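The structure appears below as structure tokens.
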Amino acid sequence: MLPKKNRLSREKEIKNLLKAGRSIKGNLVDIRYFKSGPGQTRFLFLVSAKTAKKAHERNKIRRYLSEIFFRLLPRLNEYDYALIAKKNIIGKNQRDIENEILGLLEGVGLLAS
């Protein structure tokens with residue numbers, strides 16, 4: 001589980017990230033990112049009811065995303081990230097999701113060496 005300091009929760013910051021942030025589009029997730037303050041890397045995971053009808057499916061997807069980013073946390077640059085799940089993510093295992101996220105992040109240089 002991500003520490004509380006790494007979770008994005010203020011409504012104003014969330015709106016700013018979703019409105020002004022840059023985006024990367026993949027088959028399973030869209031990633032929006034926006035430069036944050038020094039020493040801050042924060043996350044927001046969005047899984048709508050349109051994506052997964054049942055709450056346990058949405059929670060499972062959020063847990064997968066949270067676990068992936070918990071492991072990536074030391075390698076990520078200091079940005080605020082919003083991960084928006086797409087319908088294709090249902091039924092995928094954690095490794096498939098992680099491979100797509102790594103590819104997207106490496107493609108735009110958001111992973112530190």
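Take E78, project a point 7 Å from its Cα along the Cβ direction, then tell me which residues of segment 95-113 have their backbone nitrogen under 18 Å from it. Answer for segment 95-113: 110-113. For the chain, the longest principal axis of the C-alpha atoms and the axis of helix 55-72 are separated by about 40°.
Please work out the FRET efficiency for the pair H56 and A112, using the Cβ-Cβ distance as r and a Förster radius of 35 Å; give the result to the nearest 0.05. Computed FRET efficiency for H56 and A112 comes out at 0.50.
Express in nm, to one decimal, how much length is gained between R63 and R22 on full extension, taking 0.36 nm for each residue of separation and deducting their alpha carbon distance.
12.4 nm
Using the crude model of +1 on Lys and Arg Cβ and -1 on Asp and Glu Cβ, and no other charge, please compute the dipole size for segment 4-107 relative to its Cα centre, in debye to 20.
460 debye
I need to check one value: relative contact order of segment 4-107, counting alpha carbon pairs closer than 8 Å and at least 6 residues apart, in percent. Please list the in-between numbers first.
Working: 143 pairs, mean separation 37.7, N = 104.
Relative contact order, segment 4-107: 36 percent.
The slack between S48 and K87, meaning 0.36 nm per residue of separation minus the straight C-alpha distance, is 13.1 nm. Counted by neighbouring Cβ atoms within 10 Å, the residues R63, R71 run from fewest to most as R71, R63.
Fewest-first ordering of I61, I31 by other beta carbons within 10 Å of each residue's beta carbon gives I31, I61.
Coordinate-derived values only; no laboratory data. Note that the coordinates shown come from a computational prediction; the quantities given were computed from them, not determined experimentally. Quick reminder, even Gly has a Cβ in these numbers, built from the backbone with ideal geometry, and neighbours come from all protein chains shown.
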